[in-house]
Amino acid sequence: MNLVETLGVEIGVRQAGTPAAGRAAEAVAEAFRDAGLEPYFHEFGLLGYEADEPELEIDGERWDAGPCMYASPTDGTVEGRVRRLGTHSIGGFFPEADVFAVEDESGRELARLLMSPFGGPAIPFLTGARQIAVGPAVFISGADSIRLRDLEGVSARVRVSGRFVPGLTERNVVAELRGRSDDAVVVSAHYDSVWRGPGVVDNATGVEGLRRIAEGFAGGGQPGRSLIFIGFAAEEIGCIGSRSWIFDSEVTGELGRIKACVNLDCIAHGERLELMASPRALADRLAVFAGELGLRDRYDLNVGPAGPGVDAYPFHEKGIPAATVSHFGYDEYHLPTERLELIDEQRLADSVEVATLLIESLLEQPVEPG
Ligand SMILES: [Zn+2]
């Protein structure tokens, strides 16, 4: 079984809350069962969002626009003038990105135009303080954002359309390999994808990596500490699956067992090998293992602290050592053009190997929380 094909091609687009996401959860559970584990679902309630394709015209010309999840709709098509408000960064390795307002004659904001978070094409993404506090917004490409800087006051027509969908449920797929100690290391990858995105790279590759790691450890002896493998749901709408699992684990007291999280996100395509881990002692370990495997010679390697926008981060926020392995920086990110041809087996195998070394070291000796 190869979950890159199952999730990325056979199931394809699998946005949180949709039947396709449900099928993806079943596929992850089946893969865990094939590895000899006994998976179960951690279910949670979800307010979903159904985006329509946004429309944007600048000075009468149609520009590309990607939908912003949980954006409020505009009242039909609105028209105003563009003013640059400043920049925003999600943090971590997300660069500063322009934020523009479209304002009416009285200066009231009608909509926002947000530069794509990595400066690439107009993609579906998230913004705002929280989902419930997002006005009408669309994403524009990095190149268009640069163009727009020189067009202060230009006229814009925007149409944002989308609806909140209450009453949905989503499922994290969990499988534990019991160790000699109750202390546990979480190994995770999110299985959902974005609006119209088949998520072949992001993150069918990470889930396939998770499957291989689970298979490897399940086929070995009993580990010194426990391993909890989790296919997280709903990452693309704000790491909702991991946050929900952490919340419920905190309620039951189970979170106290968790000594680390090792997360895989986009591991088979991209310009750089990104190893993002906190505290520093965890990043140092990852850097050593990457060196031992010769990955410094093979890739442009970046080692840094845990950053937001991935499922490891909510663990980090709880003071749990957390690492993400990722190959990142690619043009097809979050787009329908994430295709099977992009997948580099070498990158995938190397990611699995470096993650496995880190997991083995954590099973022997966790790092102290930072
Ligand atoms: Zn992802």
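For this structure, a couple of remarks:
- Breaking point among (1) touching a strand residue (DSSP E or B) at 6+ places or on another chain (Cβ under 8 Å); (2) within 16 Å of the ligand (Cβ to nearest atom), for Ala204: (1)
- Among residues of segment 223-242 that are under 17 Å from Gln131 (Cα atoms), those with a beta-carbon under 7 Å from a residue that is within 11 Å of the ligand (Cβ to nearest atom) and part of a helix (DSSP H, G or I) at least six positions away or on a different chain give the pairs Gly241/Glu235; Ser242/Glu235.
- For segment 169-215, taking the residues that are assigned to a loop (DSSP other than H, G, I, E, B) and basic (Lys, Arg), the one that is farthest from the chain's Cα centre (by Cα) is identified as Arg180.
- Top-ranked residue of segment 332-352 - restricted to ones that are among the charged types (D, E, K, R) and within 16 Å of the chain's Cα centre (by Cα), ranked as nearest to Arg14 (Cα to Cα): Glu338
- Residues of segment 125-134 satisfying the condition of being in contact with a helix residue (DSSP H, G or I) (Cβ under 8 Å, 6 or more places away or on another chain) and crowded, with 18+ Cβ neighbours inside 10 Å: Leu126
- Residues satisfying the stated conditions in segment 147-156, i.e. surrounded by fewer than 20 Cβ atoms within 10 Å (Cβ to Cβ), in contact with a strand residue (DSSP E or B) (Cβ under 9 Å, 6 or more places away or on another chain) and either in contact (Cβ under 8 Å) with a residue 24 or more places away in the chain or outside any helix (DSSP H, G or I) (or both): Arg149, Leu151, Glu152, Gly153, Val154, Ser155
- Counting only strands (runs of 3 or more DSSP E) wholly contained in segment 216-328, the ones carrying 2 or more residues that are within 14 Å of the ligand (Cβ to nearest atom) and surrounded by 15 or more Cβ atoms within 10 Å (Cβ to Cβ) occupy 225-232, 258-264, 272-278, 322-328.
- The set of residues in segment 46-83 that are part of a strand (DSSP E or B) and small (Gly, Ala, Ser) comprises Gly48, Ala51, Gly66, Gly80.
- No other residue among Val9, Val28, Val13 is in the same structural domain as Gln222 (by TED's automatic domain parsing), among the aliphatic types (A, V, I, L, M), assigned to a loop (DSSP other than H, G, I, E, B) and under 30 Å from Ile213 (Cα atoms) apart from Val13.
The values are calculated or read from the model by the stated rules, or taken from the named source; none is laboratory data. Just so you know, these numbers come straight off a predicted model, no measurement behind them. Reconstructed Cβ throughout: ideal geometry from the backbone, glycine too, with neighbour counts over all protein chains shown.
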